[in-house]
Structure formats: C-alpha cells, structure tokens
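Report on the following structure.
The values are calculated or read from the model by the stated rules, or taken from the named source; none is laboratory data. Keep in mind the model is a prediction, meaning the values are calculated, not measured. Cβ: placed from backbone, ideal geometry, glycine included. Neighbour counts: every protein chain shown.
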Ligand SMILES: [Zn+2]
C-alpha cells in the first residue's frame, strides 16, 4: 500500500479529490465544514475544539481519532470495492444517506453513477455516509403488446 497518503500535501485542497487520509487533510475538512456552517452527521462533538485542559478535551480527541481511523479504513477499502463492481460488471450509483442534510462535499456526487475514478467514490470526507447502490440495468425494452397468439381466423 502506498504510504504517500500520510505525507501532508504542500498545497491544501479541500476538494473531494483528496487522494488520501492525513491529519492535515482531516483538519482541512474540519475547517471547511466549520466555514460552511454545516457539519455532516459523523462530526457530532467535533464542530469546535474544546479548551485543551477541559474535561471535554479528552473525549474530543478520542472522537477525532475514531472518525479519522474510520476514514482511513474506508479509503483503504475503495480500490477493492471498485474492483468488485468493475469485475462483476455492476453499475452503481452514489447515494447520500442523509440527503435532507446538505453536505458541500457529497452533494455534487449524489445520484451520480460510479466511474472508474477512485476519487469519485465515497468516502468523500471523514464521516461520509454515502453508499453505493447497484443500478438495475434492465433496458427499457419496449414491449410491443403482443396479444395472446390470436387464433387465426380461418374462413
Ligand atoms: Zn458528506
């Protein structure tokens, strides 16, 4: 596995194209959501850092590490998941689980079909709850209403 993802990147980007998980990237997402004043569901308790020595600080750190490692895990699973869909020839769609809650990172991808690009598949950010749903590709073959084989009128 590539370890380059752990290296902080020189140019901070807050796009969904972030190739890997790193703490600088995590903090960029946090800043981005704070600026947008909309935190996704997984960020409860992480909207703002408590005072360093407060009783809440420990819990805050714990939650942060939890969310971070979940993000790392999900990113690591992406290639296998994509390979699975590709191999099986399954077309899939990205679906947001909490569409009622706007998400600046996921909204552009909602209902989009899965492409071979890793960056265009969830998770789009730490705490992302987007899922992939298989698309049923039954072609809308227009069925010409063929009446039950009509008896040939003979005579
Ligand atoms: Zn999201």
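List of remarks:
- Considering each residue of region 58-71 in turn, none proves to be at pLDDT below 90 and over 26 Å from residue 100 (Cα atoms).
- Matching residues, region 109-127, being closer than 22 Å to residue 22 by Cβ, at pLDDT 90 or above and not in a loop (DSSP other than H, G, I, E, B): 109, 120
- All of 61, 100 fail the test of being surrounded by fewer than 18 Cβ atoms within 10 Å (Cβ to Cβ) and either assigned to a helix (DSSP H, G or I) or within 9 Å of the ligand (Cβ to nearest atom) (or both), apart from 61.
- Filtered by the rule that a residue be surrounded by 12 or more Cβ atoms within 10 Å (Cβ to Cβ) and either modelled with pLDDT under 90 or in a helix (DSSP H, G or I) (or both), region 41-55 gives 41, 42, 43.
- Of the residues examined, residue 130 is not one that is at pLDDT 85 or above, surrounded by 10 or more Cβ atoms within 10 Å (Cβ to Cβ) and within 19 Å of residue 34 (Cα to Cα).
- Scope region 67-97; condition without any contact (Cβ under 8 Å) to a residue 40 or more places away in the chain, buried (at least 17 other Cβ atoms within 10 Å of the Cβ) and more than 12 Å from the ligand (Cβ to nearest atom); matching residues: 82
- Looking only at region 7-32, and only at residues there that are modelled with pLDDT under 50 and under 16 Å from the mean Cα position of the chain (by Cα), the one that is surrounded by the most Cβ atoms within 10 Å (Cβ to Cβ): 18
- Restricting attention to region 31-40, the residues that are under 20 Å from residue 70 (Cβ atoms) and either in contact with a helix residue (DSSP H, G or I) (Cβ under 8 Å, 6 or more places away or on another chain) or not in a helix (DSSP H, G or I) (or both) total 4.
- Cβ-Cβ distances below 6 Å connect the following pairs, each with a first residue in region 27-38 that is within 14 Å of residue 124 (Cα to Cα), a second residue that is modelled with pLDDT of 95 or more and surrounded by 14 or more Cβ atoms within 10 Å (Cβ to Cβ), and a separation of six or more residues or different chains: 29/125; 29/126.
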